[in-house]
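What follows is one structure encoded as structure tokens, with my remarks underneath.
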There are 2 protein chains.
Amino acid sequence: MGGDNAPQSVVAGVRLAVERNIPVALVGHPEQIAACEDATDIASEVVVIVASEVIGMGAEAASSVRKLKDSSLVRAAEAVRDGRASAMVSAGNTGAAMAASLLKMGRIRGVSRPAIATPIVVPGRRWPNVMLDAGANSECSADWLVQFAQMGAIYCRDRWGVEVPRVGLLSNGEEAGKGSSLAKQAFGLLQDETWQKRTRASFAGNVEGSNLLEDVVDVIVTDGFTGNVALKTAEGVARQLIGALLQAFDSSNEARAGARLLSRALAPLYEEFSPDSVGGAILLGVRGVSIISHGASSPQALANAIQVAHELAECDTVGSLRQVLSPE
Amino acid sequence: MGGDNAPQSVVAGVRLAVERNIPVALVGHPEQIAACEDATDIASEVVVIVASEVIGMGAEAASSVRKLKDSSLVRAAEAVRDGRASAMVSAGNTGAAMAASLLKMGRIRGVSRPAIATPIVVPGRRWPNVMLDAGANSECSADWLVQFAQMGAIYCRDRWGVEVPRVGLLSNGEEAGKGSSLAKQAFGLLQDETWQKRTRASFAGNVEGSNLLEDVVDVIVTDGFTGNVALKTAEGVARQLIGALLQAFDSSNEARAGARLLSRALAPLYEEFSPDSVGGAILLGVRGVSIISHGASSPQALANAIQVAHELAECDTVGSLRQVLSPE
């Protein structure tokens, strides 16, 4: 029920996922789902888990999750908790999806705080950089950042097959001495080889904002405040530059003719920088796979998110996280 | 003596400034300056303040400033302190320029910490957003952020004529309750009307990373850690997107033909997003005008920086800062 133009767009995405032979359960209003264009075609393939309420995109997260017990987000998280679903995907209210996952699935034993891991495209590389925390925890302690490093590395390996992920710490300079007191403290803890061996990851030192889209590391750890600012800055600059370009491309007949000639050269670029190609964010550290897609996700993007959820459930990423993070 | 291809590029920039009738003193090696291409043309117009040492671009800032007493950066800051110059401009080591300014000029009375204010282009608007602190203080307290707001607003008015600058607080969400504990505390202090009246500025609440290049506020305050990450993220994304575009433009004969047709439409865009158009950063809060330009500044960019320094000295920005920030 979440996301722009839901449930229509969600059902369209599920249809694409079903065509890829991924089993899907839809959580929401049965009538509203049935009224969607693609619903009849997938009716025999898809289970509907009934939920009568919806948490709005702008609603306050924690209180909504507590109050709207029959909302699709809460019911979806419960389905994962109860084993009726192996993973959950939402294009709805990010904060509420996070709160519902945390509240209903619970934390993995040993994890201090779950974190949002967001893929950031690295032009020319098969896999993106994973940045976490991208906004779940505005205030962090240094040892949480070590756990973020562990979770990010395991996710990076499970999802993209990077054998020994390199972890960088986001800071205001590459030198070891640079950083806020949190970053400096985290730097010290991240240098310790115990976690690196246990996680099969390596610490590559500080990275700067300018390295976000570069092939310098595979995982970037930071607190949720800085991570959110960096992510939104990157998205904002890209959106404004591309917007200005598109305007210039359409500013005269001459420009339009030029843009037509360039379309073939620009198509792969569009593909590469499109948010659809890297997919949604994931909440790492809860006892279940919980993927949080953009509200504006296309059916294609949603189908990709569902496929990722499917794959992460199949390879038991939560089990890998537990193995490394839960005390014996 | 600082910056890529110095002193050649600096002397070329000074030549352009002299042509605009701005009186300039060059600080550095007399022989190396005299050996520059444009040196003879400006010899009669320009005073040379002798400095025998140079602080390298990669040198450790504070210790270099202490040790290299006859360096061009230290001598330039002393010239401002002693009234032999009205302002200082450097394209050299940023940290050292900052340290030299702070150590030799001293802080304005009442200012807790000087901050680096960086202009960020706002497409379609005559003036940029001013973000501070962009990196001088990795760790800040909430009351410093209020001073940053005051200094940024005064600078914005003096330089771009914005009568009542709107100040935004960089945070991980627009809502009032969002933020790290520092941001939340600063939010509370910034809401107070006393500083707003005293500074002739208004507090517009939280802004997000996505607002950096937008016409939502005029001044963006944050701690130097977050500001540095945001700034470098913005620069990095822009550089990578533009790099990818230029590569696509040159990827085939067809693409090259298209790019030629588009050149007229793209020229103003290039102009708008070019770092030369907004100019260098300024260190606010010291007892003198100290402008810090990119190491890669073109002669044109340097001449602009010199002109800005000239104008800020003429309108006595340091006096305006003192009037608002120094206790009576």
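The values are calculated or read from the model by the stated rules, or taken from the named source; none is laboratory data. In this text, all values refer to a predicted model and were calculated from it rather than measured experimentally. So basically every Cβ, Gly included, is an ideal-geometry build from the backbone, and we count neighbours across all protein chains shown. Calculation scope for accessible area: heavy atoms of the full protein, side chains included, ligands and nucleic acids excluded. Shrake-Rupley method; radii C 1.70, N 1.55, O 1.52, S 1.80 Å.
Details
- Computed over chain A: relative contact order in percent, which uses C-alpha pairs under 8 Å that are six or more apart: 24
- Along region B:211-221 the Karplus relation, 6.51 cos²θ - 1.76 cosθ + 1.60 evaluated at θ = phi - 60°, assigns HN-Hα couplings of 8, 3, 9, 9, 8, 10, 9, 10, 10, 10, 9 Hz to successive residues, with x for each Gly and Pro.
- Each copy carries residue B:270; placing its label point 7 Å along the C-beta direction from Cα gives inter-copy distances of 2.4 nm, listed from smallest up.
- Alpha carbon centroid spacing (whole Å) that separates region A:269-319 from region A:33-83: 18
- Region A:99-224: C-alpha gyration tensor shape, a/c 1.5 cut-off, then a/b vs b/c: rounded
- Highest-fluctuation residue, B:222, B:118, B:199 considered, GNM on chain B with Cα pairs under 10 Å: B:199
- Each of the peptides A:7-13, B:257-263, B:58-64, B:150-156 was scored by the mean count of other Cβ atoms within 10 Å over its residues; in descending order, highest first, they stand as B:150-156, A:7-13, B:257-263, B:58-64.
- Top of A:291, A:55, A:116 by mean-square fluctuation, Gaussian network on chain A, Cα under 10 Å: A:55
- Separation of the residue A:141 and residue A:314 label points, Cα + 7 Å toward Cβ, nm: 4.0
- Inter-copy separations for residue A:30, label at 7 Å along Cα-Cβ, nm, ascending: 9.6
- Other protein chain Cβ atoms within 10 Å, averaged over every residue that makes up B:90-98: 0
- Counting DSSP beta bridges with both ends in chain A, the antiparallel % (nearest 5): 30
- Selected from A:265, A:185, A:228, residue furthest toward positive end of dipole (region A:138-271; charges at beta carbon): A:265
- With all protein chains kept in place, the per residue accessible area of the protein assembly as shown amounts to 42 square angstrom at a probe of 1.4 angstrom.
- Shape call, region A:163-202: gyration tensor on alpha carbons, a/c limit 1.5: prolate
- Distance from region B:250-268 to region B:163-226 (C-alpha centre basis), Å: 41
- Pairwise inverse Cα distances across the protein assembly as shown, averaged and inverted, put the Kirkwood hydrodynamic radius at 26.7 Å.
- A label point on residue B:257, set 7 Å along the Cα-to-Cβ line, lies at 1.1 nm from each of its counterparts in the other copies, closest listed first.
- Simple label model, 7 Å out from Cα along Cβ direction - residue B:246 to residue A:126, nm: 3.0
- Förster-model FRET efficiency, 22 Å R0, residue A:19 and residue A:272, C-beta, rounded to 0.05: 0.30
- Region B:22-75 - charge dipole about Cα centre, Lys and Arg +1 at Cβ, Asp and Glu -1, debye rounded to 20: 440
- Anisotropy class of chain B from Cα gyration tensor, a/c 1.5 cut: oblate
- Ordering A:10, B:152, A:280 by the projection of their Cα atoms onto the charge dipole of the protein assembly as shown, which places +1 on the Cβ of Lys and Arg and -1 on the Cβ of Asp and Glu, puts B:152 at the extreme positive end.
- For the set A:184/A:232; A:69/A:184; A:178/A:232; B:69/B:197; A:67/B:178; A:232/B:67, the pairs lying more than 32 angstrom apart at their alpha carbons are A:69/A:184; B:69/B:197; A:232/B:67.
- At full extension, residue A:4 and residue A:263 could sit 90.4 nm farther apart than now, given 0.36 nm per residue minus the alpha carbon distance.
- Mean separation of Cα pairs under 8 Å and 6 or more residues apart, divided by the residue count, gives region A:136-219 a relative contact order of 40 percent.
- Computed FRET value (nearest 0.05) for residue B:253 with residue A:160, which takes r as the C-beta separation and R₀ as 35 Å: 0.45
- Largest-first ellipsoid semi-axes for region A:19-63, taking √(5λ) over the Cα gyration tensor eigenvalues, angstrom: 24, 12, 10
- Interface size A-B, as summed buried accessible area [1.4 Å probe, Å², nearest 100]: 4300
- Under a 5 Å amide H cut-off, with hydrogens placed 1.01 Å from N, residue A:49 pairs with A:26, A:27, A:28 among residues at least 5 apart or on other chains.
- Cα-centred dipole magnitude for the protein assembly as shown, charges only on beta-carbon of K, R (+1) and D, E (-1), debye, nearest 20: 1040
- About the centre of its Cα atoms, region B:186-328 shows a dipole size close to 240 debye [charges on the beta carbon of Lys, Arg (+1) and Asp, Glu (-1) only; nearest 20 debye].
- Max mean-square fluctuation residue, GNM over chain B, Cα-Cα springs under 10 Å, options B:307, B:247, B:147: B:247
- Between the alpha-carbon centres of region B:88-142 and region A:86-144 there is a gap of 34 Å.
- Carbon plus sulfur fraction of accessible area for the protein assembly as shown, probe 1.4 Å, in percent: 50
- Nitroxide proxy distance, nm - points 7 Å out along Cα→Cβ at residue A:82 and residue A:200: 3.6
- Span-rule helices in chain A, defined as complete DSSP H runs reaching 30 Å or more along the axis (Cα) with Kyte mean at least -1.0: A:224-249
- Rel. contact order, % - alpha carbon contacts under 8 angstrom, at least six apart, region A:195-328: 15
- Once backbone amide H atoms are built at 1.01 Å from N, residue A:289 has A:88 as its partners under 5 Å, excluding neighbours fewer than 5 places away on the same chain.
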